[in-house]
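Below is one structure, written out as structure tokens; comments come after it.
The values are calculated or read from the model by the stated rules, or taken from the named source; none is laboratory data. All figures in this text were calculated on a predicted structure; none of them were measured in a lab. When we count neighbours, we look across all protein chains shown, and the Cβ atoms used for this are built from the backbone with ideal geometry, even at glycine. Remember, those area values only see protein heavy atoms, side chains included, never the ligands or the DNA or RNA. Shrake-Rupley method; radii C 1.70, N 1.55, O 1.52, S 1.80 Å.
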Amino acid sequence: MASTWNVHFLQKQHAQSETARALIILNQPFSRELFIRVWNACVWRACADGGANRLYDLFDDEPEIRTLYLPHLIKGDLDSIRDDVRSFYQSLGVPVVHDAGQDSTDLMKCVSAIEEKEIAERGVKYDIIFLGGLGGRLDQTIHTLSYLHKLRRTRKRVFAVTDDNVGWVLDA
């Protein structure tokens with residue numbers, strides 16, 4: 001059975017969808033315009049370790065609106081998040097979860113958190129959007145592409161989005 005794919009969530013004015021989407025913000029640059037689009041398209045949001053720095057820094061010119069964009073979770077080995085960023089989000093009640101496991105990346109740790117949330121919600125299955133992952137270090141890009149392929153075996157839709165690229169794995 002074939003799946004229908006679309007990226008309407010990237011349009012400036014997209015209609016509200018019945019699709020439950022989760023956002024994972026990675027530690028790579030992105031524009032505010034793209035961020036706002038994917039943030040608004042998702043109902044649950046997490047930062048993978050240093051992705052919290054990117055979210056925080058996105059509003060350096062308007063720090064008063066940072067509190068409008070609080071992730072539900074920050075998770076990873078926490079080797080990249082700055083102390084000031086960690087303190088800011090913790091002071092506002094955002095859980096910052098240290099997972100020291102070396103057998104998974106910060107991205108994988110955040111996907112695991114989504115899977116735990118899906119189990120707790122009994123039947124909800126989120127489409128996942130990675131903000132970042134297709135630029136910068138080659139090893140990270142290859143990991144993102146490989147992980148998209150792996151997740152496609154168990155998930156209906158997973159996207160990697162940057163200002164220059166959108167990636168997903170199609171049905172065979």
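Quick notes on this structure:
- Among the conditions (1) without any contact (Cβ under 8 Å) to a residue 40 or more places away in the chain; (2) over 19 Å from W44 (Cα atoms); (3) among the aromatic types (F, W, Y), W168 misses just one, which is (1).
- Verdict on S3 being at pLDDT below 95, over 18 Å from L134 (Cβ atoms), in a loop (DSSP other than H, G, I, E, B) and open to solvent by less than 40 Å² (accessible area, probe 1.4 Å): yes
- Test: residue in segment 46-55 that is over 23 Å from D163 (Cβ atoms) and in contact with a strand residue (DSSP E or B) (Cβ under 6 Å, 6 or more places away or on another chain): no
- Subset of segment 89-104 (residues that are in contact (Cβ under 8 Å) with a residue 24 or more places away in the chain, open to solvent by 50 Å² or more (accessible area, probe 1.4 Å) and not in a loop (DSSP other than H, G, I, E, B)): V97
- Residue that is nearest to the chain's Cα centre (by Cα), among those in segment 66-95 that are of a type in the set (V, I, T) and more than 19 Å from V43 (Cα to Cα): I81
- Unique residue being exposed (fewer than 14 other Cβ atoms within 10 Å of the Cβ), within 23 Å of P29 (Cα to Cα) and not acidic (D, E) when the list is L138, L107: L138
- When segment 32-67 is filtered for residues that are closer than 21 Å to I128 by Cα and aliphatic (A, V, I, L, M), the ones remaining, listed by number, are L34, I36, V38, A41, V43, A46, A48, A52, L55.
- Considering segment 119-135, and only residues there that are surrounded by 15 or more Cβ atoms within 10 Å (Cβ to Cβ) and over 14 Å from the mean Cα position of the chain (by Cα), the residue that is modelled with the highest pLDDT turns out to be K125.
- Filtered residues of segment 15-28 (kept if in a loop (DSSP other than H, G, I, E, B) and either among the polar types (S, T, N, Q) or at pLDDT 95 or above (or both)): Q16, S17, T19, L26, N27, Q28
- The residues in segment 31-57 that are open to solvent by less than 10 Å² (accessible area, probe 1.4 Å), assigned to a helix (DSSP H, G or I) and closer than 21 Å to D83 by Cα can be counted, and the count is 3.
- The number of residues in segment 106-128 being under 18 Å from K150 (Cα atoms) and in contact (Cβ under 8 Å) with a residue 40 or more places away in the chain comes to 11.
- Filtered residues of segment 58-88 (kept if closer than 22 Å to R37 by Cβ and open to solvent by less than 60 Å² (accessible area, probe 1.4 Å)): L58, F59, I65, R66, Y69, L70, P71, L73, I74
- The criterion of being more than 14 Å from the chain's Cα centre (by Cα) and either basic (K, R) or under 18 Å from R54 (Cβ atoms) (or both) holds for R152.
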